[in-house]
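Following: one structure in structure tokens, then a few remarks.
The values are calculated or read from the model by the stated rules, or taken from the named source; none is laboratory data. Keep in mind the model is a prediction, meaning the values are calculated, not measured. Glycine gets a Cβ as well: all are built from the backbone with ideal geometry, and neighbour counts include every protein chain shown. Protein only, heavy atoms only, side chains kept; ligands, DNA and RNA dropped before computing areas. Shrake-Rupley method; radii C 1.70, N 1.55, O 1.52, S 1.80 Å.
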Amino acid sequence: MPARIYQPTRNAMQSGKAKTKNWVLEFEAEAPRETDPLMGWTSSGDMKQQLKLTFATREEAENYARRKGHAYQVIEPKKPSAKSKSYADNFRWGRTDNWTH
């Protein structure tokens with residue numbers, strides 16, 4: 001069963017970067033989820049889908065996967081580009097869009 005090692009992205013609903021420094025090891029699903037015909041809930045018999053391990057560094061996560069004999073794939077994080085913003089740009093001459101209140 002292959003595993004994914006990645007660094008989680010920040011929450012889109014907040015500007016903070018909490019819980020984005022650690023690396024996460026998650027296992028891929030062995031079987032697809034099934035829908036219960038009576039209630040409509042989804043379920044799975046695969047217990048490793050619920051397992052999510054966190055590590056301080058990428059090397060620790062890779063060493064753990066190698067030690068336990070798991071095949072793994074590392075997904076590199078994409079760093080967002082910093083956009084410089086200035087309040088004075090709202091009043092700049094030659095703006096392409098209108099400034100209104």
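Remarks
- Test result for ARG95, at pLDDT below 85 and either outside any loop (DSSP other than H, G, I, E, B) or open to solvent by 60 Å² or more (accessible area, probe 1.4 Å) (or both): yes
- Consider segment 20-38 and keep the residues that are over 20 Å from THR54 (Cβ atoms) and touching a strand residue (DSSP E or B) at 6+ places or on another chain (Cβ under 7 Å). The one that is least open to solvent (accessible area, probe 1.4 Å) is ASP36.
- Residue, least open to solvent (accessible area, probe 1.4 Å), within segment 1-19, restricted to residues that are among the polar types (S, T, N, Q) and under 12 Å from the mean Cα position of the chain (by Cα): GLN7
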